[in-house]
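Engineer: Handing you a structure now.
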Ligand SMILES: [Zn+2]
């Protein structure tokens, strides 16, 4: 995937620039990130959600806009929010942040890839016909299984360790194993396939 290779290069340069960890202003950081990723049609924003009760102080959420570069107004195609609990004007950039950002990019790039492979037609089959109504629709969506598998393969490469140790694997196991065994199997198979391709 060419855009993922380009994103990896950009992130590697930023890792070198700030070293192992650095405490930087979010304004300056988002300015630099948006400049570096502009050619990939990526926009990154820092937002605050003080109601976040999760154990981590931040997370990254991404969106892909189903448009084709060059055909419609192209900027941005991808938007990412670094959602933080605190409004601290400074943010710690470290290995975890760069890895999470790359993983989030990989997920959305995969959605664009799926769209491109369908000649830019909207998705048609999104889930198994006889899927249990109790199953989690989002995690059982075929495109989401594929994008999560790709993201997980990259996560696994970056973090190392065992398959079941990866946070996204645990999440998928929790969400699909009970009501959607075929989807769980599909996910596992794909993670391994992408792991060997990356
Ligand atoms: Zn997705």
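Engineer: Relative to the longest principal axis of the C-alpha atoms of the chain, give the angle of the C-alpha long axis of helix 167-176, reported between 0 and 90° and rounded to the nearest 10°.
Structural biologist: In the chain, helix 167-176 runs at an angle near 30 degrees to the longest axis.
Engineer: While we're here: Over the chain, what is the relative contact order in percent, taking alpha-carbon pairs closer than 8 angstrom and at least six residues apart?
Structural biologist: Once divided by the residue count of the chain, the mean separation gives 19 percent.
Engineer: How do 107, 192 line up, fewest other C-beta atoms within 10 Å first?
Structural biologist: Going from least to most buried by this count: 192, 107.
Engineer: Ok, one more. Among 58, 63, which comes first, then next, by fewest other beta-carbon atoms within 10 Å?
Structural biologist: Placing the least packed residue first, the sequence is 63, 58.
Engineer: Then there's this: At q = 0.21, 0.22, 0.26 Å⁻¹, what log₁₀ I(q)/I(0) does a Debye calculation on the Cα points of the stretch 82-148 give, no solvent, two decimals?
Structural biologist: Values, matching the q order: -0.92, -0.96, -1.12.
Engineer: Taking the beta-carbon count within 10 Å as an exposure proxy, list 82, 191 from fewest neighbours to most.
Structural biologist: Ranking 82, 191 by Cβ neighbours within 10 Å, fewest first, gives 82, 191.
Engineer: Translational diffusion coefficient, Stokes-Einstein: compute it for the stretch 2-94 using the Kirkwood radius over C-alpha pairs as Rh, at 4 °C and 1.567 mPa s, and state it as an integer in µm² s⁻¹.
Structural biologist: 90
Engineer: Rounded to the nearest 10 degrees, what's the angle between the helix 95-117 long axis and the longest principal axis of the chain, both from Cα atoms, 0 to 90?
Structural biologist: Taking Cα atoms only, the helix is inclined about 50 degrees.
Engineer: 222 nm [θ] for the chain, helices only, -39500 (n - 2.57) per DSSP H run of 4+, per residue, to 500?
Structural biologist: Counting only the DSSP helices, I get -16500 deg cm²/dmol.
Engineer: Past the 19 angstrom mark, what percentage of all C-alpha to C-alpha distances in the chain do you count?
Structural biologist: So the portion of pairs separated by more than 19 Å is 64 percent.
Engineer: Right, here's the next one. Can you give me the angle between helix 142-159 and the longest principal axis of the chain, using Cα atoms only, in degrees from 0 to 90, rounded to the nearest 10?
Structural biologist: 50
Values in this text are rule-based calculations from the coordinates and carry no lab data. Here the structure is a predicted model, which is why all the values come from computation and not from measurement. Every residue, glycine as well, gets a Cβ built from its backbone with ideal geometry; the counts of neighbours run over all protein chains shown.
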